[in-house]
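Q: What follows is a single structure, and I will ask about it in a moment.
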Amino acid sequence: MKFLPRNELLTLEESARIVRIFASLGITKVRITGGEPLVRKNIGWLFREISTIPTLEEIVITTNGSQLVEHAEMLRDSNVKRINISLDSLDHHLFKKITRVGDLNKVLEGIDKAMEIGFTAIKLNSVLMRHTNDHEAINLVNFAIRKKIDISFIEEMPLGDIDHRRKDTYISNDEVLKNLQKHFNLIPTTFTSGGPAKYWQVANQTTKIGFISPHSHNFCDTCNRVRVSSKGELFLCLGQEEKIELMPLLRQYPNEDWPIQKAIIESMMVKPESHDFNLKVHKPAVVRFMSHTGG
């Protein structure tokens, strides 16, 4: 992993300014993600700052859960409404293998802490890979049911250059759903959290199961998301390389927002119609990893 020089990263103040500028253009929901956002020094300042934006209706965080015990109260006090937690395995050894350095106990403690202090909108995000963790789908759903939280299964995306062929590890959400229906009574719903997931309700339970399926059920035609990296790059599509550099504008116009607003508005005119994910091609669709732009 390569760490960037500090001057190549947005400051927390610049990050908050970007959120304010997007809010001035009508954006009402922001998600802070990563990598792992909670390892950023003084991250609590950013959450507290953006929580004061009056037109922002929803602040969400996607986290690996490792820092939740320490930061859950800060998130609650900063009006964070929903917490998405990445959890690909409930097996301690496999979890560490998948995450390389992760401690499953820390994540489970973080989930319990968030629930203990009053968070109710908690969702797990799981990426299943064939021959790796696809056998854990039922256990993960049972865990979500016990905790009375939701879970989404996300098809593996061809982002970043890795040491395996994704067509060998890919498992479609249709297959996952079919397997889960053998064990759970699932009812289709029209529920939406504003994202691409299609949800099924577990009968007689509070848990909903979402499926985010960029391969088997492309959702590009309804995508309304853009992403800003920690370097100030505005990515218009997770599966494309096109980007707008906001950092130079932020630093050139420290007291004027209109040049950044103009760049954002103009970028929407060239937002790609779709990604080009193709599992049959060994070369990844996009060289950057998901951690560069966030989930």
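Q: I'm checking my understanding of the structure. Among residues of region 44-66 that are in contact with a strand residue (DSSP E or B) (Cβ under 8 Å, 6 or more places away or on another chain) and of a type in the set (A, V, I, L, M), which one is surrounded by the most Cβ atoms within 10 Å (Cβ to Cβ)? Step through it out loud before you land on a result.
A: Here is the first cut: in region 44-66, the residues in contact with a strand residue (DSSP E or B) (Cβ under 8 Å, 6 or more places away or on another chain) are 46-47, 50-51, 56-65.
Within this subset, residues satisfying the condition of being of a type in the set (A, V, I, L, M) are 46, 50, 56, 59-61.
Working: Leu46: 19, Ile50: 21, Leu56: 18, Ile59: 20, Val60: 19, Ile61: 23.
Restricting to residues being in contact with a strand residue (DSSP E or B) (Cβ under 8 Å, 6 or more places away or on another chain) and of a type in the set (A, V, I, L, M), the top hit is Ile61.
Q: Scan region 16-60 for residues that are assigned to a helix (DSSP H, G or I) and farther than 21 Å from Ala72 by Cα and jot them down.
A: Filtering region 16-60 down to residues assigned to a helix (DSSP H, G or I) leaves 16-24, 37-39, 43-50.
Residues satisfying the conditions are Arg17, Ile18, Val19, Arg20, Ile21, Phe22, Ala23, Ser24.
Q: Please go through region 254-271 and pick out each residue that is out of contact with any strand residue (DSSP E or B) (no Cβ under 7 Å at 6 or more places or on another chain), among the polar types (S, T, N, Q) and surrounded by 10 or more Cβ atoms within 10 Å (Cβ to Cβ).
A: Once the filter is applied, which keeps residues that are out of contact with any strand residue (DSSP E or B) (no Cβ under 7 Å at 6 or more places or on another chain), among the polar types (S, T, N, Q) and surrounded by 10 or more Cβ atoms within 10 Å (Cβ to Cβ), region 254-271 yields only Gln261.
Q: Out of all the residues in region 31-59, which are of a type in the set (Ser, Thr, Tyr) and within 19 Å of Glu233 (Cα to Cα)? Outline the logic, then answer.
A: Pass one, region 31-59, residues of a type in the set (Ser, Thr, Tyr): 33, 51-52, 55.
Thr33 - this is the single residue of region 31-59 that is of a type in the set (Ser, Thr, Tyr) and within 19 Å of Glu233 (Cα to Cα).
Q: Mind checking which residues of region 99-135 are closer than 28 Å to Ile59 by Cβ, over 17 Å from the mean Cα position of the chain (by Cα) and of a type in the set (A, V, I, L, M)?
A: If the condition is that a residue be closer than 28 Å to Ile59 by Cβ, over 17 Å from the mean Cα position of the chain (by Cα) and of a type in the set (A, V, I, L, M), then Val101, Leu104, Leu108, Ala114, Met115, Ile117 are the ones that fit.
Q: I've got another one for you. Looking at Glu58 and the list (1) at pLDDT 95 or above; (2) within 29 Å of Val101 (Cα to Cα); (3) among the charged types (D, E, K, R), which single condition is not satisfied?
A: For Glu58, the failing item is (2).
Q: Hey, does region 171-185 have a residue that's under 30 Å from Glu73 (Cβ atoms), at pLDDT 95 or above and either aliphatic (A, V, I, L, M) or touching a Phe, Trp or Tyr at 6+ places or on another chain (Cβ under 9 Å) (or both)? Please lay out each step first, then the result.
A: Our first condition is that a residue be under 30 Å from Glu73 (Cβ atoms); within region 171-185, this holds for none.
No, because not a single residue in region 171-185 is under 30 Å from Glu73 (Cβ atoms), at pLDDT 95 or above and either aliphatic (A, V, I, L, M) or touching a Phe, Trp or Tyr at 6+ places or on another chain (Cβ under 9 Å) (or both).
Q: Next question. Please find, among Gly65, Gly35, the residue that is in contact (Cβ under 8 Å) with a residue 60 or more places away in the chain and touching a helix residue (DSSP H, G or I) at 6+ places or on another chain (Cβ under 6 Å). Walk me through it before giving the result.
A: Working: Gly65 fails: in contact (Cβ under 8 Å) with a residue 60 or more places away in the chain.
From the options Gly65, Gly35, the qualifying one is Gly35.
Q: Related question: Name the pairs: first residue in region 170-198 and farther than 20 Å from Asn139 by Cβ, second residue surrounded by fewer than 16 Cβ atoms within 10 Å (Cβ to Cβ) and not small (Gly, Ala, Ser), Cβ to Cβ under 6 Å, at least 6 apart or on different chains?
A: The qualifying pairs are Pro196/Phe219.
Q: Let me ask you something else. If you scan region 172-215, which residues turn out to be within 24 Å of the chain's Cα centre (by Cα) and either of a type in the set (Asp, Glu) or surrounded by fewer than 14 Cβ atoms within 10 Å (Cβ to Cβ) (or both)?
A: Initial filter on region 172-215 (within 24 Å of the chain's Cα centre (by Cα)): 172-177, 180, 188-202, 206-215.
Result: Asp174, Glu175, Pro188, Thr189, Thr190, Phe191, Thr192, Gly194, Thr206.
Rundown of residues vs (1) touching a Ser or Thr at 6+ places or on another chain (Cβ under 7 Å); (2) among the small types (Gly, Ala, Ser), yes/no style:
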residue	(1), (2)
Glu70	no, no
Glu73	no, no
Arg76	no, no
Asp88	yes, no
His92	no, no
Phe95	yes, no
Ile98	yes, no
Gly102	yes, yes
Asn105	no, no
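Q: Additional query: Within region 84-100, is even one residue touching a strand residue (DSSP E or B) at 6+ places or on another chain (Cβ under 8 Å), closer than 22 Å to Ser230 by Cβ and not small (Gly, Ala, Ser)? Can you show your working first?
A: The first filter runs over region 84-100 and keeps only residues touching a strand residue (DSSP E or B) at 6+ places or on another chain (Cβ under 8 Å), leaving 84-88.
Next cut, closer than 22 Å to Ser230 by Cβ only: 84-86.
In the following step, the residues that additionally are not small (Gly, Ala, Ser) were identified as 84-85.
There is at least one residue in region 84-100 that is touching a strand residue (DSSP E or B) at 6+ places or on another chain (Cβ under 8 Å), closer than 22 Å to Ser230 by Cβ and not small (Gly, Ala, Ser).
Q: Being modelled with pLDDT of 95 or more and closer than 30 Å to Asp168 by Cβ narrows it down to one of Ala114, Ala144, so name that one.
A: Working: Ala114 fails: closer than 30 Å to Asp168 by Cβ.
It is Ala144.
Yes or no, residue by residue, for (1) touching a residue at least 12 places away in the same chain (Cβ under 8 Å); (2) touching an Asp or Glu at 6+ places or on another chain (Cβ under 8 Å); (3) not hydroxyl-bearing (Ser, Thr, Tyr):
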site	(1), (2), (3)
Val69	yes, yes, yes
Met74	yes, no, yes
Asn79	yes, no, yes
Ile83	yes, no, yes
Leu90	yes, yes, yes
Asp103	yes, no, yes
Thr132	yes, no, no
Ile138	yes, no, yes
Phe143	yes, no, yes
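Q: Could I ask something else about it? Could you say whether any residue in region 9-32 is surrounded by 20 or more Cβ atoms within 10 Å (Cβ to Cβ), within 20 Å of the chain's Cα centre (by Cα), closer than 20 Å to Lys231 by Cβ and of a type outside the set (A, V, I, L, M, F, W, C)?
A: Checking region 9-32: at least one residue is surrounded by 20 or more Cβ atoms within 10 Å (Cβ to Cβ), within 20 Å of the chain's Cα centre (by Cα), closer than 20 Å to Lys231 by Cβ and of a type outside the set (A, V, I, L, M, F, W, C).
Q: Of all residues in region 223-248, how many are part of a loop (DSSP other than H, G, I, E, B) and either out of contact with any His (no Cβ under 8 Å at 6 or more places or on another chain) or among the polar types (S, T, N, Q) (or both)?
A: First, pick out the residues of region 223-248 that are part of a loop (DSSP other than H, G, I, E, B): 223-226, 229-232, 236-242, 246.
With the extra rule that they be either out of contact with any His (no Cβ under 8 Å at 6 or more places or on another chain) or among the polar types (S, T, N, Q) (or both), the set shrinks to 223-226, 229-232, 236, 240-242, 246.
Qualifying residue count for the region: 13.
The values are calculated or read from the model by the stated rules, or taken from the named source; none is laboratory data. As the structure is a computational prediction, the values presented were derived from the model and not from experiment. Counting neighbours? That spans all protein chains shown, and the Cβs are built from the backbone with ideal geometry, glycine included.
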